[in-house]
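Everything on this sheet refers to the single structure shown next.
The values are calculated or read from the model by the stated rules, or taken from the named source; none is laboratory data. Fair warning: this is a prediction, and the values are worked out from it, not measured in the lab. Cβ placement follows ideal geometry from the backbone for every residue including glycine, while neighbour counts extend to all protein chains displayed.
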Amino acid sequence: MSEDPVSGVAKVVTAGGTPMIVTEPSWLAEFRDLKREWRRLFSELIGTYLLLVAAVGPVMVDGYIKGSVGRAAAVTAPGLMVAAMILFMGTVSGAHLNPVVTLAFALRREFPWRRVPGYLVAQIVGAVLAPATLWAILGKVGSFGMTELAAKTGVVQGISLECILTFGLVSTILGTASGAQNVGALSAFAVGGYIVLAGLWESPVTGASMNPFRSLGPAIVAGNYTDIGVYIAGPLLGALLAVGAAYILRGPGGDPVAARAAQGTLEPVFVRLSKQEDEPR
């Protein structure tokens, strides 16, 4: 393997007669401009904040003014917000807005592991600030928009449903980001539309979270962690299954097009690719 320790520019080298594309930058090369890193993190914080405002806002407003927000509006708002954030901030940070999306891209080798902790911190901060802001404005209403299991729903049922929904969501994200699909801005509407459709039929059961921090943020503000394990275990398992499905469908990852989608296109993109014959076509 070869590496340019200064610029991290991709190189084509030969190992055992097999061409290899290598863009494995050093720590210094990737983080030499901290402004770029802070820009990514700020984008994730703001994006997750606005997503949570759209997700918990309808619930809290309905608690503030009884019967003012229907279920269709409550599940449409976060879907449209995700679409807007992908279009608005996707070029800066990739607009993950969800820890399992960040982990999925990292497992696919399309997002550097060294950036994962910063993204997760930015996302959880945004997820906590959103219900806290609405609490300051509307008061202690609507259980701060917490996701809760329906009375008839057990833990295993909840985990299973959240797993299935998140599997579909992460599969949609990974698929539309890949070079094989290369749908560009249309991915925003595919992802947002999926969130709306999932929420329309499943939200009465678990709240259709599909995002551990969407559930954990309001739980932290409320100080109520009832069933929070469901909303962590289900999405994590679903994301892992989606990564496994992506491996079967498109190979081991390292797609440069997906890396640009995952990391944003305004800054240098770093990705380590496998052998060329393993690249998605």
- Message: Checking residue 248 against (1) touching a residue at least 12 places away in the same chain (Cβ under 8 Å); (2) farther than 18 Å from residue 143 by Cβ; (3) surrounded by fewer than 19 Cβ atoms within 10 Å (Cβ to Cβ), only one condition comes out false. Which one?
- Response: (1)
- Note on the structure: Here the qualifying pairs (Cβ atoms under 7 Å; residues six or more apart or on different chains; first in the range 162-178 and farther than 14 Å from residue 206 by Cβ; second basic (Lys, Arg)) come out as 174/108; 178/250
- Please list, ordered by first then second residue, the pairs with beta carbon atoms under 7 Å, 6 or more apart or interchain, first in the range 217-243 and in a loop (DSSP other than H, G, I, E, B), second of a type outside the set (Gly, Ala, Ser) and buried (at least 24 other Cβ atoms within 10 Å of the Cβ). 224/146
- Those residues of the range 50-93 which are among the polar types (S, T, N, Q) and free of Cβ contacts under 8 Å to residues at least 40 places away in the same chain, in sequence order: 68
- In this structure, does residue 195 turn out to be among the β-branched types (Val, Ile, Thr), in a helix (DSSP H, G or I), surrounded by fewer than 18 Cβ atoms within 10 Å (Cβ to Cβ) and touching a residue at least 12 places away in the same chain (Cβ under 8 Å)? no
- Looking only at the range 30-52, decide whether some residue is farther than 19 Å from residue 216 by Cα, in a strand (DSSP E or B) and at pLDDT below 90. no
- Query: Does residue 172 meet the test of being under 14 Å from the mean Cα position of the chain (by Cα), at pLDDT 95 or above and within 13 Å of residue 98 (Cα to Cα)?
  - Reply: no
- Message: For residue 56, only one of the following conditions fails: (1) buried (at least 24 other Cβ atoms within 10 Å of the Cβ); (2) within 16 Å of the chain's Cα centre (by Cα). What is its number?
- Response: (2)
- Query: Do we find that residue 69 is of a type in the set (A, V, I, L, M) and part of a helix (DSSP H, G or I) in this structure?
  - Reply: no
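For (1) touching a Phe, Trp or Tyr at 6+ places or on another chain (Cβ under 7 Å); (2) of a type in the set (Ser, Thr, Tyr); (3) under 30 Å from residue 255 (Cα atoms), each residue gets a yes or a no:
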| position | (1), (2), (3) |
| --- | --- |
| 133 | no, yes, no |
| 140 | no, no, no |
| 147 | yes, yes, no |
| 156 | no, no, no |
| 162 | yes, no, yes |
| 175 | no, no, yes |
| 179 | no, no, yes |
- Item | One residue from 148, 110 being under 20 Å from residue 187 (Cα atoms) and in a loop (DSSP other than H, G, I, E, B) | 110
- Query: Out of (1) within 28 Å of residue 243 (Cβ to Cβ); (2) assigned to a helix (DSSP H, G or I); (3) touching a residue at least 60 places away in the same chain (Cβ under 8 Å), what's the single condition that is false for residue 96?
  - Reply: (2)
- Message: So, in the range 198-216, exactly how many residues are over 15 Å from the mean Cα position of the chain (by Cα) and not in a loop (DSSP other than H, G, I, E, B)?
- Response: 9
- Task: Determine if the range 240-250 includes at least one residue that is under 22 Å from residue 40 (Cα atoms) and modelled with pLDDT under 95.
- Result: no
- Item | Among the candidates 73, 95, residue that is under 17 Å from residue 51 (Cα atoms), in contact with a helix residue (DSSP H, G or I) (Cβ under 8 Å, 6 or more places away or on another chain) and surrounded by 19 or more Cβ atoms within 10 Å (Cβ to Cβ) | 95
